[in-house]
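Bear in mind these aren't lab numbers, they're just calculated from the coordinates by the rules spelled out. For clarity, every value in this text was computed on a predicted model and none was experimentally measured. Here Cβ is always computed from backbone atoms with ideal geometry, including for glycine, and neighbour counts include all displayed protein chains.
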Amino acid sequence: MAANNGSNASSNPPGLRTDPAFEDSYARFTEYPKNLIHQSLYPGALEGYISRLDQNAAKLFSTDEVDISFRDYTGPHSAWDKRNISTEDALKDRLGDLTSVNPSGLMVTKKDPNCRFILFSGTDSRSPLNLRREMLLRILTYHQVMSGFLDFLFIFGMKNTYDTTRDLRYSGFREKTMVNSSTYQAYAISQLGRSGRQFELCYNLKSVVCKTDATNPMSQWEWAIRQGAFYHKFDVETGSSLWIVTEGRRAKGKQGKDVKRLIQELVGPNGRPEDRDYSSPEKSFYSNLSIHLLVCYWSVEQWRWYIEWLEDVVAELTERAIHECRLPGERGKNYGYTTSNVQSVQHYEDKLNEAIMVLGTNSSALTSLRKFYQKLLHTSGFYLQKSCKEDIIAFAGKIDEMVYDLSMNVKRAKVLLKITTDRKNLILQHLQNQAIEKQSEATEKMERLTISMHTIGRMAQKEAIAMRIVTVVTLIFLPATFVSTLFSTDIIKYQDPGNSGDNNTGISSQPYMGSFSKVAMDRWLEVSLPLTTLTLLIGFLAFVLANKRAKDRLEKKGLLPIYEVEDKSC
């Protein structure tokens, strides 16, 4: 980062020679955070950050769209310089790296603005951030951002639903103070307007926003929890400030305002003058406290309405289980409870557990922020103690109010969680009662069916006995019937007494007298009795054979009655 010499002074912008250590650190920006001038972590921890960057690069950084918002304030009489960066050259130009236009190849830089906002975001909450890895590392190296800020960037990027829910459980607060005369001079880069007497801090917060138009039915509303990571550096001596704000998704339409829009409104022409005054270290310090309060308020404001929505939805889902009681004589009445009712209640129970956890992490982050600034009042080397004491006290009071609101929301959510759990158990009891009643009804039906089958079985048994009797009688009389039928034919004839045996068709004058023929009777018995005996014997043999075949089939299938098996074993 050499200054321009006389030979190229007319063709290149004027430059500032900076500390060689900074030049070397910036030249190795791809090695961030190992390349930072001053390290507070051991080498293994720095290697761990680089390894996690490699692992998360694919889901954390975009390969297509790049959109980095810069908002710089350079003086009391100048407006905010707004620039959206989409290329590497544009980023280098914004930072002051003029190597692309300096034939000597040396970096030429410019002083830091009085206040700079750098804003990262993604297309949606699960998409990569709209920047590339090299651009991020260049920005972090140029501003010598503490390595702990990476912990809060790793929660962004393309993830599935479970990963997104899991990252909501992470929260932290990092701070680094260098205001003592024995330490701050080592961090000074006077050519960039950095005195080294500074402090850094970073933390993350979560807000909740309704993504659905309020005109839709309440049961169809959708809420989303959004992450925000914030880094702040303040130079106590020069009053210069740096803010790096990262959010997963910018709100659209009626989904509430994102952090970028809120900051623009705060420091814009319609904001309060004292909230955007960076003309002195004292005024700059106060303006930065306003930014902190803004992002803290962003993390608090919608939770009350989210809990109220959960109360209404849970009441709508479960009030039937409270007001409709099952009386002993109301059997058969169907209340229509299904497992889907339990699943719905469980879904909102999970939402409540998630809300309680997030509210707790937000409260911890706000408490840590308040304690940090209160600690500054007792830190030697912080010469703004007297001039900014009242501002810090007022700031701490407002943070306490927000922490109190968060704690009330936590208590409210815990009460609702207890109610939801109890009502879920009540619905489960209703389901059990319904199952018992259905089982009882099924048992009664089976009893009626058993009685009916038993009746039918007895009737069938009686019919079978009757048919067996008929069959036996039929078998007994069948041969005789056959013989009688045979004898009644023309094969055997009986003549009346008046008929001499001639073929005379005349009518006898003597009355017909029956006669008994012993020979005919003998012949009838000789034929009928053997045939009857043979018929009964064949029927008996057929019955025995059919019974034996049936038993053989049952034995092969293992369906032989128990008493039969016991008889065989004996």
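Share of Cα-Cα pairs in segment 438-479 beyond 11 Å, in percent?
Considering segment 438-479, 69 percent of its Cα-Cα pairs are separated by more than 11 Å.
Which lysines, if any, have their Cα less than 17 Å from the Cα of Lys283, not counting same-chain residues under 8 positions apart?
Lys233, Lys386, Lys389
For segment 373-462, what is one quarter of the convex hull surface built on the Cα atoms, given in nm²?
Details: hull surface 39.5 nm².
Projected area, direction-averaged: 9.9 nm².
Students often check this: by mean Cβ neighbours within 10 Å, which of 458-465, 130-137 ranks highest, and how do the rest follow? Could the numbers behind the result be given before it?
Details: 458-465: 10.0, 130-137: 19.6.
Ranked from most to least packed, the peptides come out as 130-137, 458-465.
Note down the nm distance, to one decimal, between modelled labels 7 Å out along Cα→Cβ at Arg448 and at Glu23.
It is 10.0 nm.
Give, to the nearest whole percent, the P(r) tail of segment 58-98 beyond 12 angstrom, counting all Cα pairs. Let's see the in-between values first.
Working: 548 of 820 pairs.
Value for segment 58-98: 67 percent of Cα pairs lie more than 12 Å apart.
Taking the convex hull of the Cα atoms, report for segment 182-253 its projected area averaged over all directions, in nm². Write down the numbers at each step before the final one.
Details: hull surface 27.6 nm².
Here the figure is 6.9 nm², rounded to one decimal.
Can I get the semi-axes of segment 257-306's equivalent ellipsoid? Compute them from the C-alpha gyration tensor as square roots of 5 times the eigenvalues, in angstrom, largest first. Display every interim value, and only then the final one.
Details: eigenvalues 107, 28, 10 Å².
Each semi-axis is the square root of five times an eigenvalue, giving 23, 12, 7 Å.
Where the centroid of each part is defined by its Cα atoms, how far is segment 391-419 from segment 202-226 in Å?
Comparing the Cα centres of segment 391-419 and segment 202-226, I get a distance of 19 Å.
Using per-residue counts of other Cβ atoms within 10 Å, averaged over each peptide, order 531-544, 349-362 from highest down.
Ranking, from highest mean packing down: 349-362, 531-544.
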